[in-house]
Ligand SMILES: [Zn+2]
């Protein structure tokens with residue numbers, strides 16, 4: 001937990017100790033726990049923003065924002081191209097290249113520029129030979145998106161796994177944004193008055209009445225005084241329900257827009273089905289897709305890569321190439337290879353961490369000492385979390401339904417007495433020490449370390 005901005009230099013300082021410790025650990029071939037030997041393999045999972053910082057890659061708006069490959073963003077829509085996360089001949093990034101490219105100055109060398117300029121005058125054979133020489137390392141100045149040296153040295157790109165929660169949020173976010181624009185075009189109106197916007201109103205009805213979302217919209221006044229309708233942020237489950245159930249029955253629209261809405265419904269619904277197929281790939285022999293005409297079709301799970309690419313192909317029958325985002329590229333091009341490599345990628349899902357983050361934030365905002373300079377709120381928040389974990393580890397799930405921050409020390413004493421531990425003059429600040437002591441008790445020998 002760090003009170004810093006998500007920027008390379010600051011993350012570098014904040015993570016230095018953790019990364020050094022992990023680096024040491026990564027040099028061990030195996031570790032022994034309770035007499036059993038375990039081989040260690042390291043993986044990294046997070047949202048794209050953090051991964052980009054960790055690996056020193058440019059952000060989402062840059063030319064090559066993909067963490068795994070060198071694909072230029074103008075090629076994201078080329079669903080037929082092969083981009084790999086493991087094979088360098090198919091543009092896979094590697095840590096060794098990342099280190100080399102990040103040290104470059106970012107300017108193309110004179111030779112490369114002149115090769116590029118004279119390329120048109122050459123024969124195909126000459127062009128191919130020049131291309132081979134000039135590509136990647138030989139292309140002396142190009143950084144290929146590697147802005148800084150990677151902060152992490154022991155997990156190469158194939159073991160970096162996309163976070164499915166963020167993928168869901170970002171892809172559905174873009175789908176919604178595009179739909180809202182389509183509805184403005186259909187209604188020929190973007191005012192605050194819903195009565196003048198029947199198509200948009202139908203979408204709000206879908207959220208409110210079909211999906212039973214509470215207050216999906218709110219009004220916002222822009223700087224110039226213009227009032228607009230905005231959507232609140234939706235959580236992962238709400239977004240899943242949205243793409244699963246998406247259906248709009250619009251009256252009085254022309255046949256072109258009617259066809260477009262049908263296609264959009266297919267894009268949304270098939271995204272749901274493919275997302276489920278990806279999430280449960282490791283536990284199912286095949287997956288189901290509903291075809292455009294409504295038939296349920298079953299496919300062996302090995303065909304998921306083709307179906308994911310076809311989803312992007314279909315998306316482009318409605319939307320322009322520039323609408324394809326990095327997360328859509330990853331979903332349709334890289335996820336299948338990740339599944340082949342790791343079988344189960346939903347285990348890397350950051351949903352638990354996000355939920356924890358939400359609770360920590362709530363604890364912070366509820367604390368009365370949050371503006372005190374000595375950061376006592378930080379300790380308080382960690383204490384609160386430890387208390388909650390203590391309850392959980394001892395099987396008192398019922399207690400977790402309540403606000404864990406509100407427990408008094410007396411209530412906690414009861415917990416320790418259950419395990420025949422001595423408690424003398426304990427207060428919140430000593431809680432950690434007590435938990436460590438309990439950890440060594442015979443009946444709790446397997447209890448994981450708190451914090
Ligand atoms: Zn890529």
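The values are calculated or read from the model by the stated rules, or taken from the named source; none is laboratory data. Being a predicted model, the structure only gives us computed values, none of them experimental. Glycine gets a Cβ as well: all are built from the backbone with ideal geometry, and neighbour counts include every protein chain shown.
Structure data summary
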read-out: Identity of the residue in the range 70-104, away from the ligand (no atom under 13 Å from the Cβ) and in contact with a strand residue (DSSP E or B) (Cβ under 6 Å, 6 or more places away or on another chain), that ends up nearest to residue 156 (Cα to Cα); value: 98
read-out: Checklist (1) more than 16 Å from the ligand (Cβ to nearest atom); (2) surrounded by fewer than 15 Cβ atoms within 10 Å (Cβ to Cβ); (3) outside any loop (DSSP other than H, G, I, E, B) applied to residue 371, failing item; value: (3)
read-out: Exclusive hit being part of a helix (DSSP H, G or I), within 16 Å of the ligand (Cβ to nearest atom), closer than 26 Å to residue 64 by Cβ and modelled with pLDDT of 90 or more, set 274, 308; value: 308
read-out: Lone qualifier among 301, 296 - being assigned by TED's automatic domain parsing to the domain that holds residue 239, touching a strand residue (DSSP E or B) at 6+ places or on another chain (Cβ under 6 Å), more than 22 Å from residue 236 (Cα to Cα) and surrounded by 11 or more Cβ atoms within 10 Å (Cβ to Cβ); value: 301
read-out: Candidate set: the range 130-168, residues that are surrounded by 19 or more Cβ atoms within 10 Å (Cβ to Cβ) and more than 28 Å from residue 45 (Cβ to Cβ); chosen: the one modelled with the lowest pLDDT; value: 139
read-out: Test: residue in the range 333-346 that is modelled with pLDDT under 90, away from the ligand (no atom under 16 Å from the Cβ), in contact with a helix residue (DSSP H, G or I) (Cβ under 9 Å, 6 or more places away or on another chain) and over 30 Å from residue 62 (Cα atoms); value: no
read-out: Among residues of the range 56-69, those that are near the ligand (Cβ under 10 Å from one of its atoms) and more than 27 Å from residue 317 (Cβ to Cβ), counted; value: 1
read-out: Residue within the range 31-44 that is closer than 19 Å to residue 357 by Cα and either in the same structural domain as residue 96 (by TED's automatic domain parsing) or surrounded by 13 or more Cβ atoms within 10 Å (Cβ to Cβ) (or both) present; value: yes
